[in-house]
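**Student:** Input: one structure, supplied below.
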Amino acid sequence: MRQAVSRTVGIRRASVLSGLVLAFGLLAAPVASQIRPEPAPDPDGEAHAIARTVTAAEVAAWARENRDAEAMMVAARMLSDVRMRPSNGDAPFLTSEALLVEAEALAGGDTELQARISRLRSPNKGVRASPFGQGPIVVVRRLRARETYGFAIEARRNEVLRVAAIGDGDTRIDLILRDRSGAVVCAGGAGDHYPVCTVARPQSGTLRIEVVNRGEVWSRVQIMTN
């Protein structure tokens, strides 16, 4: 059977700037204290959450390179309504709270920025209702240099399947999806820290995910799938 396959490179490289512009607009809005209403169900919500998380990782990387606390706050805001379902392994390292800790360090003695970061941590800012459903399943692994980590998943018929491997920025990470016969369904990487694979409306069945550390040092990798 034929599968429609696409890589979501565009949601990362070209969208970092647009993501910054959009999220800076969100930062300018007042902090809402009311509980948000439950959003309408979205069958592909978890796949959208993965796309949002990868974009947030790109924004956070830009913030680190430019020592920009406000940009780091943007990345944290982008993850504020993304639920994650940790599986085995270490706890997720790319989270809204982790990015707020980085924003605090970048803000230094700027009291106005520190106050805004504190407001983002308000109890009323917790995820009460998410447009992304239950959120993606997250597996965190520490991969040695040149190590490959693989596991099998079951694709759900007629739902977008999206997989991302978010490295800690030290090494190149490659991502490969294979079908039951071992044929490559999707390959992401090419020097990337945050490769993504998307299989649009797959047939149900088992797929194997392989995450490869192409670098010369160990790296943490946060693997996300819906």
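Values quoted throughout were computed directly from the atomic coordinates according to the rules given, and no laboratory measurement underlies them. Here the structure is a predicted model, which means the values were calculated and not measured. Counting neighbours? That spans all protein chains shown, and the Cβs are built from the backbone with ideal geometry, glycine included.
**Student:** R0 = 41 Å: FRET efficiency of Asp110 with Ala152, Cβ-based, nearest 0.05?
**Tutor:** 0.30
**Student:** At 0.890 mPa s and 25 °C, plugging the Kirkwood radius over alpha-carbon pairs of the range 50-126 into Stokes-Einstein gives what diffusion coefficient in µm²/s?
**Tutor:** The calculation lands on 193 µm²/s.
**Student:** Under a crude label model (7 Å from the Cα following the beta-carbon direction), how far is Glu65 from Ala183 in nanometres?
**Tutor:** Label-label distance for Glu65 and Ala183, simple model: 3.8 nm.
**Student:** Pop the C-beta distance of Asp168 and Arg83 into the FRET formula with R0 = 25 Å and round what comes out to the nearest 0.05.
**Tutor:** 0.70
**Student:** Taking R0 as 22 Å, what's the FRET efficiency between Trp218 and Phe93 from their Cβ-Cβ distance, rounded to 0.05?
**Tutor:** That pair, Trp218 with Phe93, gives E of 0.95.
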